[in-house]
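Notes follow the structure.
None of the figures in this text is laboratory data; all of them are computed from the coordinates on show. Note that the structure is a prediction, hence the values are computed from the model and not measured. Backbone-built Cβ (ideal geometry, glycine too); neighbour counts: all protein chains shown.
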Amino acid sequence: MQTANKATSGASSNLYESGWDVVLDINPQFDAGGFNFFVGGSETQIGKARAGLKDLTGDHEEAVAGLKITIGPLEVGGQISGERLRTQSYNSTNYYGNTSWGVAFNVNDDLSISYGEHRSLQTKTKKSGSGVTEVYNSETVQGLVNEEDYNPKSWMRGDSFQVAYTIGGVGLKYAQTDYDNTAYGFDTKAPKENKVLAVSLAF
C-alpha cells in the first residue's frame, strides 16, 4: 500500500495480524497490445475476538482474476473479485463478490468511445434477536425465534459510458455513470447518477 507524504499505513485496529499475498501477471506491459491475464489472492489472520463481538472462525481473504484483450482498435477486459471480511459482529458486512467488464473502441485517431458494467453482491453476517419482523428485498421474515438462520444479501449494479474527441489542441470528453443501489439497501434504494463534460485546451 502506498501512502501520501507524511502519512502512515496499516490497520486502524489490532484486529488484523500477519498475512500473505501472491500475484501472477503474464503481461504487465499491456501497452504493447495483445492480451494479458492476471490473478491474485491474499489471506490475513484475524486476531482474537474483542469484547462484545462474536468470535467468527476463519481469516480475511481476497482474490481477483481478470483478462484484457486488444484486437486492432478494440480493447475488451473483465474481472471477477471477492472479499471475505470474517466480520466479528452480528448484522455486519461479511462478504463482497464483484464482476465487471468493459470495452473501448478507437474509431480513429481523434474519436474513442467506451462502455463498462459493474455488479457487486454484499452478504451480511447472521442477524441476532428474537420475535422481530424484518423485510429484505420485499420478502418478509416473520416468526423467527432466532434470526441467525437468515443471512441478508443485496446487489449493487452500475454502468458507465464515455466518449472522447480531440481536434488539434482541443479535447472534448463526456462521461455518464449510473448506479441503482449504492448503499446495498433492501427496501430503500440509493440510486446515483453522475455526468461529466470536460473541455481541455493545449497551447
note = Taking r as the C-beta separation of Ile69 and Ser18 and R0 as 45 Å, the FRET efficiency to the nearest 0.05 is 0.75
key: Amide hydrogen neighbours beyond the local backbone of Thr182, cut-off 5 Å, H modeled   = Ala190, Lys192
ask   = If we count other beta carbons within 10 Å of each Cβ, what is the order of Thr93, Thr125, fewest first?
value = Thr93, Thr125
